[in-house]
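Q: Here it is, the structure, as structure tokens.
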Amino acid sequence: MKITIEFTGITKSICQASEINYDVPFDFTYRDLIKMLADKYPSMIGLIIDPDRQNFLSSNMFVINGNLEFPAMMLDKSPSDEEHISLMSVITGG
């Protein structure tokens, strides 16, 4: 199964790419993707990815196919083939 990960903000700097394509098994989950990113880019740990290497720190999420209404909150679900996944940091203010 092929997926595309889009990086924005600090993650784009860390990965030195705006997006990367991956071939992953069909039983691969969003949580597996976080683990893979933690292994590949350890500088994301503590900044984007929780030290447990399985979850994001608050205000970070995957957005699926550009639809901000449906972020991947269920990390144990699997992406679809050809899915475009954006790693986004949500900035809030007041």
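Read-outs throughout are calculated quantities, based only on the coordinates presented, and are distinct from any laboratory measurement. Source: prediction; values computed, not measured. A quick note on method: Cβ atoms are made from the backbone with ideal geometry, for glycine too, and the neighbour counts reach across all protein chains shown.
Q: Using label points projected 7 Å from each Cα along Cα→Cβ, tell me how many nm separate Leu75 and Asn21, to one decimal.
A: 2.8
Q: Under a cut-off of 13 Å between alpha-carbon atoms, report the aspartates and glutamates in cross-link reach of Lys35, not counting same-chain residues fewer than 8 places apart.
A: Asp50, Asp52, Asp76
Q: In debye, nearest 20, what is the charge dipole magnitude of the chain about its Cα centre with +1 on Lys and Arg Cβ and -1 on Asp and Glu Cβ, if you could check? Each step should come with its number before you reach the end.
A: Numbers: 7 positive and 13 negative charges, 61 e Å.
Charge dipole, the chain, about its Cα centre: 300 debye, nearest 20.
Q: Then there's this: Among 37-48, 8-19, how do they line up by average Cβ neighbours within 10 Å per residue, starting with the highest?
A: On the way: 37-48: 15.8, 8-19: 14.3.
Packing order, densest peptide first, comes out as 37-48, 8-19.
Q: Here are some values of mean projected area of the Cα convex hull in nm²: (i) 6.0; (ii) 12.6; (iii) 5.5. Which one was computed from this structure?
A: The value computed from this structure is option (i).
Q: First select every other residue whose beta carbon is under 14 angstrom from the beta carbon of Ile49; then total the charges, Lys and Arg +1, Asp and Glu -1.
A: Values: positive: Arg31, Lys35, Lys40, Arg53; negative: Asp32, Asp39, Asp50, Asp52.
For residues surrounding Ile49, the net value is 0.
Q: Give me the aspartates and glutamates in straight-line cross-link reach of Lys12: C-alpha distance below 13 Å, same-chain residues under 8 apart excluded.
A: none
Q: Report the local net charge at Asp39: Lys and Arg +1, Asp and Glu -1, summed over other residues whose C-beta lies under 15 Å from its C-beta.
A: Working: positive: Arg31, Lys35, Lys40, Arg53; negative: Asp32, Asp50, Asp52.
With Lys, Arg at +1 and Asp, Glu at -1, the neighbours total +1.
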